[in-house]
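Worksheet for the structure shown next.
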Amino acid sequence: MTTQELLNIKALLMLAKTWSGREWTIMTIRNIKLLDEEISVYQQSWEKIRLELVEKDDKGVPIIVDNKYIPKNQAEFDKEHRALLDRRVDIALIKIKAEDIPNEATPEIMGALWDYLIEDE
């Protein structure tokens with residue numbers, strides 16, 4: 001699984017975290033904790049990398065405009081970020097049985113999560 005996939009799964013779980021059901025709730029909480037650990041590694045790595053790739057003032061402080069860093073070279077900045085997002089991550093997400101999917105589940109969210117979170121039957 002890639003870092004990008006982790007970020008996508010976390011976003012989808014956050015949309016579905018209010019769905020009811022004991023098994024769903026347990027699986028969601030456990031997976032969010034697992035994902036948060038890996039996402040934290042990504043965020044810390046990206047912060048170190050991007051600080052080297054952005055414009056700085058005469059004191060060496062990164063320049064921020066509209067809450068965004070200003071890259072020295074946008075193509076290199078994007079390339080480094082994409083490489084980090086494409087990084088393979090070894091994570092074993094908690095899965096549940098299909099019959100434990102809550103009634104509130106939507107096809108859009110479940111379609112995107114299915115392969116990651118539902119046990120093979």
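Here are some notes:
- Test: residue in segment 51-59 that is part of a helix (DSSP H, G or I) and either within 19 Å of THR2 (Cα to Cα) or open to solvent by 70 Å² or more (accessible area, probe 1.4 Å) (or both): yes
- Among the residues of segment 99-121, not one is free of Cβ contacts under 8 Å to residues at least 12 places away in the same chain and touching a helix residue (DSSP H, G or I) at 6+ places or on another chain (Cβ under 6 Å).
- Qualifying residue in segment 41-49 (condition: at pLDDT below 95, open to solvent by less than 50 Å² (accessible area, probe 1.4 Å) and either at negative phi or in a helix (DSSP H, G or I) (or both)): no
- The residues on offer are SER20, SER40, and the sole one that is within 30 Å of ASP120 (Cα to Cα), touching a residue at least 60 places away in the same chain (Cβ under 8 Å) and of a type in the set (Ser, Thr, Tyr) is SER20.
- Restricting segment 60-100 to residues that are of a type in the set (Lys, Arg) and in a strand (DSSP E or B), the residue that is nearest to the chain's Cα centre (by Cα): ARG88
- Of the numbered criteria (1) free of Cβ contacts under 8 Å to residues at least 40 places away in the same chain; (2) open to solvent by less than 40 Å² (accessible area, probe 1.4 Å), the one THR2 fails is (1).
The values are calculated or read from the model by the stated rules, or taken from the named source; none is laboratory data. Only a predicted model underlies this, so the values are computations on that prediction, with no experimental measurement involved. Cβ atoms come from the backbone with ideal geometry, glycine included; neighbour counts cover every protein chain shown. When the accessible area is computed, the model is the full protein with side chains, heavy atoms only, and any ligands, DNA or RNA have been set aside. Shrake-Rupley method; radii C 1.70, N 1.55, O 1.52, S 1.80 Å.
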